[in-house]
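The values are calculated or read from the model by the stated rules, or taken from the named source; none is laboratory data. Because the structure is a prediction, the values reported are computed rather than measured. Every residue, glycine as well, gets a Cβ built from its backbone with ideal geometry; the counts of neighbours run over all protein chains shown.
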Amino acid sequence: MRLINKPLKISLSEVIFQLVLHLVVFVFYAYSRHNPQFEVYEIISFLNYMMGGLIINYWLLPSYLYAKKYLPFFLYFIVVVAVVILIEEGIIENIFFPDTRGKKIIALSYNLLQILPILGILSGFKFAWDALGKEKEMEELRNTIKESELQFLKSQINPHFLFNNLNNIYAHAIENSPQTPTIILELSSVLRYMLYECKAQYVPLSKEIEQLNNFINLNNLQIEGRGGVTFTHQDLTQDYRIAPLILMVFVENAFKHSSSSQTEDIKIAIDMQIIAEDDLVFSCTNTYLAETNTQDINSGIGLENVRKRLQLLYPEAHELTISRSKNEYQVYLKMNLSN
């Protein structure tokens, strides 16, 4: 019968931990103020306990307890304890105390009170060590899943953005607009940024502002002659970093909702400021006509995407509010850039 279903892997740190633990437990077990020297009998007895602890720790725990086979674990645990007691009473005491303790069997309760605390300590620390290791593995798995989700969410942005702007190019091309080449150049610049410079989890805030300018110029062609766009931001002297393409989603939605519902008097105001404690405050306000607007600002791939990314990248470090008044949408985002 195989006792272990897979190769036993023990790290160097665990070996060192177990050695130190066994040494400390042995000192507490064998040391006495009346006889400060460690006797050979005490060493042999502790080795017997230690072997029982190793069987429990590296066979019973992984093969039965962790596998939720509780009854076999309990039965085998009793067997291990019984064998340890038999070795203690039947072999070790007969060798070292043949004329006294080796002639009789001490009460079972006495042996249990001596052995169970030692096995409990050795097994308890092993259980705690495994629990910490499992928690570390789960944290690594969560990080892996988080990174995969972030990459998936980021990959959704490019086709979402490209789909919207191809429609704009198509509309201008049908009209033989002389602005079509300019639109293509602006689109090329923004796509280059998305495809090649946004692979990192964070990018310089100054670079993100630069691409927001390009993006605004690109979309401003949609509303030319029908309104105006303002983009204000402070000059940055500190090298802040930010998750890319988050702010761009809100700007894109502002253009989409305004241009699709209004034929004139379009107003879009975008503002970015760094305030105390490395907080970025971003606001975006755009006008719309409720009677002609058929899209909900709280829906769509873009906003759902950016909410998820904020939760993953800035947990408890951001505040997002999206509201509407009679003829305006307002987006307020506050995020801490100190990380």
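Before moving on, here are some points about what is shown:
- Any chance LEU21 is within 36 Å of the chain's Cα centre (by Cα), in the same structural domain as LEU86 (by TED's automatic domain parsing) and in a helix (DSSP H, G or I): yes
- Cβ separations smaller than 6 Å between residues 6+ apart or across chains give no pair from the stretch 214-230 residues that are without any contact (Cβ under 8 Å) to a residue 12 or more places away in the chain and of a type outside the set (A, V, I, L, M) to residues that are surrounded by 15 or more Cβ atoms within 10 Å (Cβ to Cβ) and assigned to a helix (DSSP H, G or I).
- Given (1) surrounded by 15 or more Cβ atoms within 10 Å (Cβ to Cβ); (2) outside any helix (DSSP H, G or I); (3) at pLDDT 85 or above; (4) not aromatic (Phe, Trp, Tyr), number of the condition GLU319 does not satisfy: (1)
- Qualifying residues in the stretch 215-240 (those that are in a helix (DSSP H, G or I) and surrounded by fewer than 18 Cβ atoms within 10 Å (Cβ to Cβ)) - the one farthest from the chain's Cα centre (by Cα): LEU221
- Criterion (over 21 Å from ASN286 (Cα atoms) and at pLDDT 85 or above) met by exactly one of LEU150, LEU236, LEU195, LEU205: LEU205
- Flag for PHE161 being surrounded by 15 or more Cβ atoms within 10 Å (Cβ to Cβ), farther than 22 Å from TYR76 by Cα, at pLDDT 65 or above and in contact with a helix residue (DSSP H, G or I) (Cβ under 9 Å, 6 or more places away or on another chain): yes
- Among the conditions (1) at pLDDT below 90; (2) of a type in the set (Gly, Ala, Ser); (3) surrounded by 16 or more Cβ atoms within 10 Å (Cβ to Cβ), ALA173 misses just one, which is (3).
- Total residues in the stretch 65-89, condition part of a loop (DSSP other than H, G, I, E, B) and among the charged types (D, E, K, R): 2
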